[in-house]
DNA sequence: GGGTTTCCTTGATTCAAATCAAATTGTCGT
DNA sequence: ACGACAATTTGATTTGAATCAAGGAAACCC
C-alpha cells in the first residue's frame, strides 16, 4: 500500500510530441477526441509514468488534484471499510480515464495490479484542455454514462446474484470486453488474483476458487494456468450469468 | 407494471414559459445551468406530465428516445433478472435527471413510487439544447460523476456490508440528503415500501423489518408511522453505517 | 363501516456462503 | 535445484440471512 510519495516512480521518456501519437491507448481512450494535428497540445500537458504492481496512485479521501489515463496494464479501483473489508468497484485497463471527481477528494483508491503505464494530468491543465476541446468533454460524459451503466449492472450482481452467477458474469464480461478489443479467442486472461476477483464479486477467495473448480468439473471451462481461463461453452456461461441456469447442475 | 403506452398519462397544463420559472425543482436540477432569460427556450422543449404510483416511464431494453427531469415526487430505478429478482439501483427525487444513455436502449427501468411530476425531453431537442448551452453539458457531467460516486458507495454496501450496516447506511444517507435539502430534523420520511428498501439494499423484506425493529428496541430509532423514522442517535447510526459498530449489541 | 387487500411484523427452520483449517501448487531468489 | 513464501485448492464446520409460515395492522373500496 505504497503511495507515489512513499516510493519514487520510474518516469518514462520525457514529454515529447511523439508519445501521444504512438500511444497504444489512444484509439480507445477519450484522447481520441483530439485530432492528430492537436496531439502536440495534449502531449505537452500529459505526464507519462510507469508503475509497478501494488503501487497506489489515487487514494480515497486524498485531495483530487490529478487525473490519469491508463495507457497500458490494469489497475483496480476499490473502497475500504475501517476493519479492512474491501470492495473493488472496477478494473480499469488501457484507455481508461480516472480521477474525475466533482468533490475535492477522491472517492476511491486506485492501485496497479500489474506493471502499468499511465499519463497524469493536473486539474488546471485538464481544465484548459477541456475548454479548448469541447469534444473531449462530450467524450468524458459518454464514458461516465457507460460507467454508470456498468455500475448498475454490478449492483444487480452484488445485490441479487448467487455466487455461481457472479463468477459466470465475471467471466462472461471479461470475455465480452476482450473480444471487443479484437481478440476473438475464447481464452481470457485474468491479470488479477483470486482474492481480487473475490473482492470484486463480493465473495471470498474460497468461494471463487470452488466455483471455478466446479465449472471446470462440469466441463464448461478449462484452467490451463493460474491466470487463464478457456471458455468451453460461452453460451451456457451467458445463460448462467443472466440467471437462467438450468438449475445449478442440470441432469442432462 | 404499466407503461406509458398501456395507460394514458394525465398531461399537466400545456407548455408555457411560466412552468420552468415556477418549477420547484429548478434550483437543484441541471436546469439551473440555464439563465432566467433563456428559460423560455427550455420551457418550449420541456413536456410536463403527472404520473401515479406504479407507472413506468422508462423501461429497460426499450429504445432510449426520451430524457426526463423529475420535478416532484420520487421514482425508483431498477434492473431485473428473468426469474423476477430485482435490484433497485437508486431512488430519484425532485431535480433528478434521468435517461442519459449512450446506448440506443435504456439500461434500467424507472417507476413512480408515489404520484410524481416530470418533464420529458426528446433526444433531438435535448441535443439542440446542449449545443446551445454548453453549461448544461458541464452540469450533466458533474451529476454523472456524483452518481458514479454514489454507485461506488452502494457497491461497497452490497458487496461487503452486513444487513445491520446496510439498513443503518440507508437511514444515514436518507438523513444526510434530506438535511442537505434544508430540513434539519432528525425525522426522515420513507416514501418507499419495505419491499423496495429490501430490493435497494440486497436484502429481504423480513430482514429489513427485523433490523428496523431491532434498532427500535435498542433505543436508536423510533417508528412513529409506517413511512417515518426518527433518528434518536444519528451519530451511532453513522458509526454502524461505516462498519464501526461497537459490536452488534453492545453490553452497556 | 365492514370486508378485502396489501403491507408489515414476528417466529421457526433451512441453506448458501463464510469461516476455520490444512494441504497443495506455483513462483522467485539464490 | 532448493528452500521459502505466496497463491490456490480442498475439506469440515458455522452462521447470517433467506425461506417458509402465520398473525396483526393499516389503507382502500364499495
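The values are calculated or read from the model by the stated rules, or taken from the named source; none is laboratory data. Please read these numbers as outputs of a predicted model, since none were measured by experiment. Note: ideal-geometry Cβ built from the backbone for every residue, glycine included; neighbour counts use all protein chains shown.
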> Pick from A:206, A:177: which is over 25 Å from residue A:94 (Cβ atoms), surrounded by fewer than 17 Cβ atoms within 10 Å (Cβ to Cβ), more than 14 Å from chain B (Cβ to nearest Cβ) and out of contact with any strand residue (DSSP E or B) (no Cβ under 7 Å at 6 or more places or on another chain)?
Replying inline: A:206
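For every residue, the table says whether it meets (1) within 14 Å of chain A (Cβ to nearest Cβ); (2) away from DNA strand D (no atom under 16 Å from the Cβ).
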{"site": "B:219", "(1), (2)": "no, yes"}
{"site": "B:224", "(1), (2)": "no, no"}
{"site": "B:232", "(1), (2)": "no, yes"}
{"site": "B:245", "(1), (2)": "yes, no"}
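A quick yes/no check of all residues on (1) free of Cβ contacts under 8 Å to residues at least 60 places away in the same chain; (2) in contact with a helix residue (DSSP H, G or I) (Cβ under 9 Å, 6 or more places away or on another chain); (3) within 16 Å of DNA strand D (Cβ to nearest atom); (4) away from chain B (no Cβ under 12 Å):
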site	(1), (2), (3), (4)
A:95	no, yes, no, yes
A:106	yes, no, no, no
A:119	no, yes, no, yes
A:139	no, yes, no, no
A:145	yes, yes, no, no
A:149	yes, no, no, no
A:167	yes, yes, yes, yes
>> With the requirement that a residue be more than 18 Å from residue B:231 (Cα to Cα) and assigned to a helix (DSSP H, G or I), what does the stretch B:187-200 give you?
In response: B:195, B:196, B:198, B:199, B:200
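Could you please let me know if residue A:100 is closer than 24 Å to residue A:127 by Cα and either outside any loop (DSSP other than H, G, I, E, B) or at pLDDT 80 or above (or both)?
No; evaluated as a whole, the condition is false for this residue.
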> Any idea which of A:237, A:203, A:184 is away from DNA strand D (no atom under 11 Å from the Cβ), outside the structural domain of residue A:77 (by TED's automatic domain parsing), modelled with pLDDT of 95 or more and not in a helix (DSSP H, G or I)?
Replying inline: A:203
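Hey, among A:65, A:34, which residue is under 20 Å from residue A:141 (Cα atoms) and in contact with a strand residue (DSSP E or B) (Cβ under 8 Å, 6 or more places away or on another chain)?
A:65
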> How many residues are within 14 Å of the chain's Cα centre (by Cα) and either away from DNA strand C (no atom under 16 Å from the Cβ) or not in a helix (DSSP H, G or I) (or both) if we restrict to the stretch B:149-174?
Replying inline: 4
> Quick one: would you say residue B:89 is over 28 Å from residue B:18 (Cα atoms), buried (at least 20 other Cβ atoms within 10 Å of the Cβ) and touching a residue at least 60 places away in the same chain (Cβ under 8 Å)?
Replying inline: yes
>> So, in the stretch A:184-203, how many residues would count as being surrounded by 17 or more Cβ atoms within 10 Å (Cβ to Cβ) and within 23 Å of residue B:158 (Cβ to Cβ)?
In response: 11
>> Condition first: within 15 Å of the chain's Cα centre (by Cα) and in a loop (DSSP other than H, G, I, E, B). Now tell me which residues in the stretch A:103-135 satisfy that.
In response: A:108, A:113, A:114, A:115
>> Give all pairs with beta carbons closer than 8 Å in which a residue from the stretch B:205-221 that is at positive phi meets a residue that is surrounded by 15 or more Cβ atoms within 10 Å (Cβ to Cβ); count only pairs at least 6 apart in sequence or on separate chains.
In response: B:219/B:232; B:219/B:233
>> As an exercise: evaluate residue B:238 against (1) more than 16 Å from DNA strand C (Cβ to nearest atom); (2) under 16 Å from the mean Cα position of the chain (by Cα) and give the number of the one condition it does not meet.
In response: (2)
